[in-house]
1. With a 1.4 Å probe and all protein chains in place, put 128, 74 in order of accessible area, largest first.
2. In square angstrom, rounded to the nearest 10, how much accessible surface does residue 93 have for a 1.4 Å probe?
3. If ligands, DNA and RNA are left out, what is the accessible area of residue 96 with a 1.4 Å probe, given in Å² to the nearest 10?
4. For residue 148 and residue 192, what is the calculated FRET efficiency with R₀ set at 41 Å and r taken between the beta-carbons, to the nearest 0.05?
5. Starting from the Cα of residue 174, step 7 Å along the direction of its Cβ; do the same at residue 122; then give the gap between the two resulting points in nm.
6. To the nearest 10 square angstrom, how much accessible area does residue 156 have with a 1.4 angstrom probe?
7. Largest first, how would 174, 199, 57 line up by accessible area (1.4 Å probe)?
Amino acid sequence: HAAGFALMAWVIYRSFLREHFESLGYDTGYRASQVREHFEASSLCSEVRCVDDGGLRGSATWLRTLRGAIQSPFVLSACDVLVDTDYSTAYRRHAEHGDAMTLVAYRHCRVIPAGAIEIAEDGSFGGFGTRREIHELLYAGVCIVGTEALPLLGSDGPLELPDLVMRCVDAGLRVGIEVVDGDAFLDMGTFAALARMSRELKRVEGDRTVAR
(Lines give C-alpha, C1' and ligand atoms only; values in the text may rest on other atoms or scores of the structure.)
Protein backbone atom coordinates (compact mmCIF):
# COMPACT_ATOMS: atom_id res chain seq x y z
CA HIS A 1 0.00 0.00 0.00
CA ALA A 2 2.83 2.42 0.84
CA ALA A 3 4.56 1.85 -2.51
CA GLY A 4 1.26 2.21 -4.33
CA PHE A 5 0.43 5.45 -2.53
CA ALA A 6 3.85 6.95 -3.26
CA LEU A 7 3.46 6.01 -6.91
CA MET A 8 -0.01 7.52 -7.03
CA ALA A 9 1.14 10.72 -5.36
CA TRP A 10 4.08 11.25 -7.71
CA VAL A 11 2.30 10.49 -10.98
CA ILE A 12 -1.09 12.03 -10.27
CA TYR A 13 0.17 15.23 -8.69
CA ARG A 14 2.77 15.62 -11.39
CA SER A 15 -0.13 15.83 -13.84
CA PHE A 16 -1.72 18.61 -11.77
CA LEU A 17 1.53 20.50 -11.18
CA ARG A 18 2.32 20.76 -14.86
CA GLU A 19 -1.04 22.52 -15.25
CA HIS A 20 0.16 25.16 -12.73
CA PHE A 21 -2.43 24.52 -10.03
CA GLU A 22 -1.76 26.89 -7.16
CA SER A 23 -2.85 24.59 -4.35
CA LEU A 24 -4.00 21.05 -3.64
CA GLY A 25 -6.38 19.88 -0.95
CA TYR A 26 -7.27 16.45 0.38
CA ASP A 27 -10.21 14.87 2.11
CA THR A 28 -8.38 12.92 4.81
CA GLY A 29 -11.16 10.90 6.36
CA TYR A 30 -9.43 7.60 5.54
CA ARG A 31 -6.04 6.99 7.19
CA ALA A 32 -5.83 10.72 7.81
CA SER A 33 -2.64 10.61 9.89
CA GLN A 34 -0.74 8.63 7.24
CA VAL A 35 -1.82 11.01 4.50
CA ARG A 36 -0.82 14.05 6.52
CA GLU A 37 2.58 12.59 7.41
CA HIS A 38 3.27 11.73 3.79
CA PHE A 39 2.65 15.24 2.49
CA GLU A 40 4.30 17.00 5.40
CA ALA A 41 7.51 15.22 4.37
CA SER A 42 6.92 15.72 0.65
CA SER A 43 8.03 18.50 -1.67
CA LEU A 44 5.59 17.59 -4.43
CA CYS A 45 3.78 20.88 -4.31
CA SER A 46 3.97 24.28 -2.69
CA GLU A 47 0.73 23.98 -0.72
CA VAL A 48 -1.25 21.01 0.52
CA ARG A 49 -4.35 21.58 2.63
CA CYS A 50 -5.82 18.57 4.41
CA VAL A 51 -9.53 18.61 5.19
CA ASP A 52 -10.67 16.21 7.90
CA ASP A 53 -14.20 15.13 7.02
CA GLY A 54 -14.84 13.83 10.54
CA GLY A 55 -15.85 10.42 9.27
CA LEU A 56 -18.66 11.69 7.05
CA ARG A 57 -20.10 9.22 4.56
CA GLY A 58 -20.73 10.07 0.92
CA SER A 59 -18.32 11.08 -1.84
CA ALA A 60 -19.64 14.67 -1.94
CA THR A 61 -20.56 15.22 1.71
CA TRP A 62 -17.17 16.64 2.66
CA LEU A 63 -17.49 19.38 0.03
CA ARG A 64 -19.71 21.18 2.53
CA THR A 65 -16.53 22.10 4.42
CA LEU A 66 -15.44 24.19 1.42
CA ARG A 67 -18.42 26.52 1.36
CA GLY A 68 -17.30 30.05 2.04
CA ALA A 69 -13.66 29.16 1.37
CA ILE A 70 -13.92 28.56 -2.39
CA GLN A 71 -14.60 31.53 -4.66
CA SER A 72 -13.95 29.98 -8.06
CA PRO A 73 -14.43 26.62 -9.86
CA PHE A 74 -12.08 23.85 -8.72
CA VAL A 75 -11.03 20.41 -9.93
CA LEU A 76 -12.20 17.46 -7.85
CA SER A 77 -10.42 14.15 -8.41
CA ALA A 78 -10.62 10.71 -6.86
CA CYS A 79 -7.33 9.85 -5.15
CA ASP A 80 -6.66 6.68 -7.14
CA VAL A 81 -7.18 7.78 -10.76
CA LEU A 82 -4.93 9.37 -13.32
CA VAL A 83 -6.47 11.15 -16.31
CA ASP A 84 -4.14 12.41 -19.00
CA THR A 85 -5.98 15.48 -20.24
CA ASP A 86 -5.48 19.19 -20.68
CA TYR A 87 -7.00 20.51 -17.46
CA SER A 88 -6.44 24.12 -18.54
CA THR A 89 -8.60 23.60 -21.63
CA ALA A 90 -11.27 21.74 -19.65
CA TYR A 91 -11.32 24.52 -17.06
CA ARG A 92 -11.65 27.19 -19.74
CA ARG A 93 -14.52 25.34 -21.44
CA HIS A 94 -16.22 24.96 -18.08
CA ALA A 95 -16.16 28.74 -17.62
CA GLU A 96 -17.13 29.55 -21.22
CA HIS A 97 -20.20 27.29 -21.09
CA GLY A 98 -21.26 28.52 -17.66
CA ASP A 99 -21.38 24.97 -16.30
CA ALA A 100 -22.25 24.26 -12.70
CA MET A 101 -20.19 21.07 -13.03
CA THR A 102 -18.12 19.46 -15.77
CA LEU A 103 -17.61 15.69 -15.68
CA VAL A 104 -14.54 14.12 -17.29
CA ALA A 105 -15.59 10.94 -19.08
CA TYR A 106 -13.54 8.37 -20.97
CA ARG A 107 -14.50 6.34 -24.01
CA HIS A 108 -15.05 2.68 -23.21
CA CYS A 109 -15.79 -0.22 -25.51
CA ARG A 110 -17.36 -3.45 -24.28
CA VAL A 111 -16.98 -6.41 -26.62
CA ILE A 112 -19.68 -9.09 -26.55
CA PRO A 113 -18.02 -12.17 -28.06
CA ALA A 114 -19.65 -14.31 -30.70
CA GLY A 115 -21.53 -17.26 -29.27
CA ALA A 116 -23.07 -15.40 -26.34
CA ILE A 117 -26.28 -17.23 -25.45
CA GLU A 118 -29.55 -15.38 -25.85
CA ILE A 119 -32.59 -16.30 -23.74
CA ALA A 120 -36.12 -16.44 -25.11
CA GLU A 121 -39.09 -14.87 -23.31
CA ASP A 122 -40.08 -18.23 -21.83
CA GLY A 123 -36.60 -18.72 -20.37
CA SER A 124 -35.46 -21.27 -22.95
CA PHE A 125 -32.50 -21.09 -25.31
CA GLY A 126 -33.06 -18.33 -27.85
CA GLY A 127 -30.01 -18.56 -30.06
CA PHE A 128 -26.39 -17.56 -30.29
CA GLY A 129 -25.49 -13.89 -30.59
CA THR A 130 -22.97 -12.41 -33.00
CA ARG A 131 -19.91 -10.47 -31.92
CA ARG A 132 -20.77 -6.86 -31.24
CA GLU A 133 -19.30 -3.79 -29.60
CA ILE A 134 -21.01 -1.44 -27.19
CA HIS A 135 -19.47 2.03 -27.04
CA GLU A 136 -20.18 4.17 -24.00
CA LEU A 137 -18.85 7.02 -21.90
CA LEU A 138 -17.87 6.30 -18.28
CA TYR A 139 -17.13 8.77 -15.51
CA ALA A 140 -13.37 9.08 -15.00
CA GLY A 141 -13.44 10.13 -11.35
CA VAL A 142 -12.53 13.75 -12.14
CA CYS A 143 -14.82 16.76 -12.42
CA ILE A 144 -14.81 20.53 -12.23
CA VAL A 145 -17.15 21.94 -9.61
CA GLY A 146 -18.44 25.48 -9.95
CA THR A 147 -19.49 27.65 -7.04
CA GLU A 148 -23.09 27.40 -8.32
CA ALA A 149 -23.16 23.77 -7.22
CA LEU A 150 -22.08 24.37 -3.62
CA PRO A 151 -25.46 25.72 -2.35
CA LEU A 152 -27.04 22.46 -3.56
CA LEU A 153 -24.95 20.35 -1.17
CA GLY A 154 -27.49 20.79 1.60
CA SER A 155 -26.53 20.51 5.23
CA ASP A 156 -27.75 17.13 6.47
CA GLY A 157 -27.10 13.51 5.66
CA PRO A 158 -24.62 11.81 3.37
CA LEU A 159 -24.40 12.94 -0.25
CA GLU A 160 -22.84 11.09 -3.16
CA LEU A 161 -21.36 12.92 -6.14
CA PRO A 162 -23.96 11.55 -8.62
CA ASP A 163 -26.65 12.98 -6.34
CA LEU A 164 -25.01 16.41 -6.51
CA VAL A 165 -24.90 16.15 -10.31
CA MET A 166 -28.61 15.34 -10.44
CA ARG A 167 -29.40 18.21 -8.07
CA CYS A 168 -27.69 20.54 -10.55
CA VAL A 169 -29.74 19.09 -13.41
CA ASP A 170 -32.99 19.33 -11.44
CA ALA A 171 -32.20 22.98 -10.63
CA GLY A 172 -31.84 23.74 -14.35
CA LEU A 173 -28.07 24.18 -14.19
CA ARG A 174 -25.86 22.97 -17.03
CA VAL A 175 -23.56 19.99 -16.47
CA GLY A 176 -20.84 19.70 -19.10
CA ILE A 177 -18.87 16.71 -20.33
CA GLU A 178 -15.15 16.63 -21.17
CA VAL A 179 -14.36 13.45 -23.14
CA VAL A 180 -10.98 11.72 -23.19
CA ASP A 181 -9.83 8.52 -24.87
CA GLY A 182 -9.91 5.30 -22.87
CA ASP A 183 -6.11 5.07 -22.93
CA ALA A 184 -5.96 8.42 -21.13
CA PHE A 185 -7.63 6.97 -18.01
CA LEU A 186 -5.94 4.84 -15.34
CA ASP A 187 -7.58 3.53 -12.19
CA MET A 188 -5.11 2.44 -9.53
CA GLY A 189 -7.87 0.37 -7.96
CA THR A 190 -6.91 -2.59 -10.16
CA PHE A 191 -3.57 -4.42 -10.19
CA ALA A 192 -3.34 -4.15 -13.99
CA ALA A 193 -3.73 -0.38 -13.87
CA LEU A 194 -1.22 -0.10 -11.03
CA ALA A 195 1.28 -2.01 -13.18
CA ARG A 196 0.59 0.41 -16.05
CA MET A 197 1.20 3.33 -13.69
CA SER A 198 4.46 1.74 -12.59
CA ARG A 199 5.61 1.40 -16.20
CA GLU A 200 4.66 5.02 -16.86
CA LEU A 201 6.63 6.16 -13.82
CA LYS A 202 9.71 4.23 -14.93
CA ARG A 203 9.41 5.70 -18.44
CA VAL A 204 9.14 9.24 -17.07
CA GLU A 205 12.04 8.69 -14.69
CA GLY A 206 14.08 7.43 -17.64
CA ASP A 207 13.23 10.53 -19.64
CA ARG A 208 14.27 12.74 -16.73
CA THR A 209 17.56 10.88 -16.37
CA VAL A 210 18.32 11.31 -20.07
CA ALA A 211 17.42 15.00 -19.85
CA ARG A 212 19.97 15.50 -17.11
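The values are calculated or read from the model by the stated rules, or taken from the named source; none is laboratory data. Just so we're clear, the structure is a prediction, and the values are computed from it rather than from any experiment. Reconstructed Cβ throughout: ideal geometry from the backbone, glycine too, with neighbour counts over all protein chains shown. Just the protein is used for accessible areas: all its heavy atoms, side chains included, with ligands, DNA and RNA removed. Shrake-Rupley method; radii C 1.70, N 1.55, O 1.52, S 1.80 Å.
1. Working: 128 140, 74 30 Å².
The ranking, largest first, comes out as 128, 74.
2. Rounded to the nearest 10, that gives 110 Å².
3. 130
4. 0.60
5. 5.4
6. Number for this one is 130 Å².
7. So, going from the largest accessible area down, we get 57, 199, 174.
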